[in-house]
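Each remark here refers to the structure printed beneath this line.
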């Protein structure tokens, strides 16, 4: 069917894209795709190494990334398979206990946070924000743990979760 991609989401031909962007605000197929996914109950997720993922629910407010995104709002946090000993060290220095063993830090989908801001590292966000060049601070608020971690595989980058994978709320 002309003007559509196989999964049924609208496709915008190059000529139409030029026409729409000349009129002011750019409207493209990504906007439509996002709306379709949200209406279907899907949520955005981010995989984070343990114990960093677990610490997001005990006072850690900044996640360090080498890239930025335009997404703001709810994020489902996935505790990955990889273990970062530096997280244990920093937690201990800050007096946060219970994160020194991998068995104490479950993996899988742990809960949700609200992504409120992303900015380049500029000497801010201590003690959680790393200050290496090229680092972005993903500032988060309102952490909510699920009653139980939901088993599942993570992925690289920001990704969509199926609507039926997680508890609602």
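The values are calculated or read from the model by the stated rules, or taken from the named source; none is laboratory data. Bear in mind that the values here come from a model prediction, so they are computed numbers and not experimental data. Here the Cβ positions follow ideal geometry from the backbone for every residue, glycine too, while neighbour counts run over all protein chains shown.
From the list 62, 48, 116, 76, which residue is surrounded by 15 or more Cβ atoms within 10 Å (Cβ to Cβ) and either free of Cβ contacts under 8 Å to residues at least 60 places away in the same chain or not assigned by TED's automatic domain parsing to the domain that holds residue 137 (or both)?
48
When you go through (1) at pLDDT below 95; (2) out of contact with any helix residue (DSSP H, G or I) (no Cβ under 7 Å at 6 or more places or on another chain) one by one for residue 142, which number turns out not to apply?
All conditions pass for residue 142, except number (1).
Within segment 119-129, can you find the residues that are outside any strand (DSSP E or B) and surrounded by fewer than 16 Cβ atoms within 10 Å (Cβ to Cβ)?
122, 123, 124, 126, 127
Is it the case, given these coordinates, that residue 162 is assigned by TED's automatic domain parsing to the domain that holds residue 49, over 20 Å from residue 66 (Cβ atoms) and in contact (Cβ under 8 Å) with a residue 60 or more places away in the chain?
Working: assigned by TED's automatic domain parsing to the domain that holds residue 49: no; over 20 Å from residue 66 (Cβ atoms): yes; in contact (Cβ under 8 Å) with a residue 60 or more places away in the chain: yes.
Spelling it out, it is not the case that residue 162 is assigned by TED's automatic domain parsing to the domain that holds residue 49, over 20 Å from residue 66 (Cβ atoms) and in contact (Cβ under 8 Å) with a residue 60 or more places away in the chain.
Out of segment 79-110, which residues are assigned to a strand (DSSP E or B) and surrounded by fewer than 22 Cβ atoms within 10 Å (Cβ to Cβ)?
We begin by selecting, within segment 79-110, every residue assigned to a strand (DSSP E or B); these are 79-83, 108-110.
80, 81, 82, 83, 108, listed by residue number.
Report, by residue number, each residue of segment 64-78 that is in a strand (DSSP E or B) and more than 9 Å from the chain's Cα centre (by Cα).
First, pick out the residues of segment 64-78 that are in a strand (DSSP E or B): 64-65, 73-78.
Hits for segment 64-78 are 64, 65, 73.
Here is a check on your reading of the model: is residue 116 under 14 Å from residue 158 (Cα atoms) and in a strand (DSSP E or B)?
no
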